Amino acid sequence: MPGDQAKIEERRRLVAETVERVRTIEQKYGVTRDALGSIEDELKSLSRHQHLFGTEEFPNPEPGSSAKLYVLAEDEDGRFPIYLTCALPGGAVRPHNHGTWAVVAGLSGCEENCLYDRLAGGHEPGPARIALSATVRIHAGESIALMPDDIHSVATPGDVPRRHFHMYGTSLEQLPKRLAYDINDDTCAYMEINPKVVRVTHA
């Protein structure tokens, strides 16, 4: 088997095994903080295989371009997607929730997560007041988990591109009612469907 094909097969096997273990965790324990902690462990284990997710197979965005979310796995019904998220320094995503659980594990670079408390409203479009509660920076080998209603913003500080795994309970393309928050106007509104998803045959 050619080297490149062997690498693809190994990557697919490890990703598929990770998804199967995560599926079992959710089925057995549901969506709880403890269950997401176990899912974090699975995604961090996958992140140890950095050589399978390099820039030759999954290029970083061009300067001035948006982040890329490479689809590594996704069930036919949109459940249990894993994305390799690649972003250049300086980029940011405004505060938002997911409407599904989310786990992030670092491969390289840094992802800065600002976590927010919901002070008033914010469960549907309209008035919403939130306040910063914590800032967590995720580097290689580190992770964070978010429940469906948790609110966070994301930034890429420093001068190294960010390459992290993002795994969700449901595909971002099937979440039309995620909420994005405006901390200046104290409002929130539905967030646009993510346009950055990239599907490649070698994932």
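The values are calculated or read from the model by the stated rules, or taken from the named source; none is laboratory data. A quick note: this is a predicted structure, and the numbers were derived from the prediction, not measured. Glycine gets a Cβ as well: all are built from the backbone with ideal geometry, and neighbour counts include every protein chain shown.
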Give just the number: which of (1) in contact (Cβ under 8 Å) with a residue 60 or more places away in the chain; (2) touching a helix residue (DSSP H, G or I) at 6+ places or on another chain (Cβ under 8 Å) does C188 not satisfy? (2)
Can you say whether P176 is modelled with pLDDT of 95 or more and in contact with a strand residue (DSSP E or B) (Cβ under 9 Å, 6 or more places away or on another chain), as far as the supplied structure shows? no
Could we say that S108 is closer than 28 Å to T201 by Cα, free of Cβ contacts under 8 Å to residues at least 60 places away in the same chain and touching a strand residue (DSSP E or B) at 6+ places or on another chain (Cβ under 9 Å) here? yes
Within the stretch 44-82, the residues that are part of a loop (DSSP other than H, G, I, E, B) and closer than 21 Å to A145 by Cβ are R48, H49, F53, A67, E74, D75, G78, F80, P81
